[in-house]
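The values are calculated or read from the model by the stated rules, or taken from the named source; none is laboratory data. Since we're looking at a predicted model, the values are computed, not measured. Virtual Cβ from ideal backbone geometry, glycine too; neighbours counted across all protein chains shown. Just so you know, the surface numbers come from the protein's heavy atoms only, side chains and all, with ligands and any DNA or RNA stripped out. Shrake-Rupley method; radii C 1.70, N 1.55, O 1.52, S 1.80 Å.
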Amino acid sequence: MCGNNMSVPLPAIVPAARKATAAVIFLHGLGDTGHGWAEAFAGIRTPHVKYICPHAPIKPVTLNMGMSMPSWFDIIGLQTDAEEDEAGIKQASENIKALIDQEVKNGIPSHRIVLGGFSQGGALSLYTALTTQQKLGGVVALSCWLPLRNSFPQASANSANKEMNVLQCHGEADPLVPVTFGCLTVEKLKTLCNPSNITFKTYPRMPHSACPEVCMVCLVWMTKKYTPY
């Protein structure tokens with residue numbers, strides 16, 4: 001990982017089958033690691049796309065009675081008016097921006113990098129995409145929300161990603177991050193980005209998880225977004 005989290009293990013990486021000319025950086029959810037998502041991406045390994053699945057640092061999470069677990073930032077509550085870990089969110093975002101910068105140094109243009117994530121990781125991917133000056137290829141946001149939403153549009157006034165493509169998916173039976181969060185998020189995104197570039201899909205009976213159908217939609221979207229060169 002990057003930034004101040006020097007003790008965090010290096011990301012799980014699925015290399016391109018031949019030469020990487022595009023990359024997907026995908027952020028896992030609370031309490032998880034990047035390994036499971038890397039295994040999923042390994043199943044669709046392509047000649048030109050590199051998949052990078054970083055691991056969140058271990059830290060106490062207020063929502064889970066202060067227990068320490070992999071977490072990109074502290075979550076204090078899941079209500080729409082809950083207090084947010086502003087400093088933690090911003091630091092985590094800087095770490096992901098550093099990871100994007102590193103891939104650019106490795107020779108992959110930022111506009112051929114897709115940022116994505118599930119739950120807390122999806123939230124961080126949205127916030128990062130809206131605050132970075134690197135022009136990204138797009139964002140995949142699964143079962144998540146937009147952190148620090150009241151800081152927008154100020155934070156995105158000079159965003160390089162107002163025209164980015166966003167694929168947002170959410171389960172209608174999600175008991176942890178209700179689908180209403182997804183609906184509020186997509187409506188907010190439409191005020192910050194080109195609405196015609198935003199796709200929102202909901203799935204009946206799907207809880208807080210990524211079912212095979214969702215995984216396939218997202219993996220195909222991320223993989224086919226780029227043609228090799």
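Anything in the stretch 165-179 that is touching a residue at least 24 places away in the same chain (Cβ under 8 Å), farther than 16 Å from Val220 by Cβ and out of contact with any Cys (no Cβ under 7 Å at 6 or more places or on another chain)? List them, or say none. Residues satisfying the conditions are His170, Gly171, Glu172, Ala173, Asp174, Pro175, Leu176.
Of everything in the stretch 186-210 that is closer than 16 Å to Gly116 by Cβ and hydrophobic (A, V, I, L, M, F, W, C), the residue that is modelled with the lowest pLDDT is Ala210. Residues in the stretch 88-115 that are under 18 Å from Val49 (Cβ atoms) and either aliphatic (A, V, I, L, M) or crowded, with 24+ Cβ neighbours inside 10 Å (or both): Leu99, Ile100, Val104, Ile108, Ile113, Val114, Leu115.
Residue check: Asn150 meets all listed conditions (1) touching a residue at least 12 places away in the same chain (Cβ under 8 Å); (2) over 30 Å from Ala20 (Cβ atoms); (3) not acidic (Asp, Glu) but one, namely (1). Evaluating Gly77 against the criteria (1) closer than 19 Å to Cys144 by Cα; (2) touching a residue at least 24 places away in the same chain (Cβ under 8 Å) leaves one unmet condition, (2).
Within the stretch 7-64, the set of residues being assigned to a strand (DSSP E or B), surrounded by 20 or more Cβ atoms within 10 Å (Cβ to Cβ) and not β-branched (Val, Ile, Thr) comprises Ala12, Ala22, Ala23, Phe26, Leu27, Lys50, Tyr51, Cys53. For the stretch 65-86, enumerate the residues that are over 13 Å from Leu30 (Cα atoms), among the hydrophobic types (A, V, I, L, M, F, W, C) and open to solvent by 80 Å² or more (accessible area, probe 1.4 Å). Result: Met65, single match.
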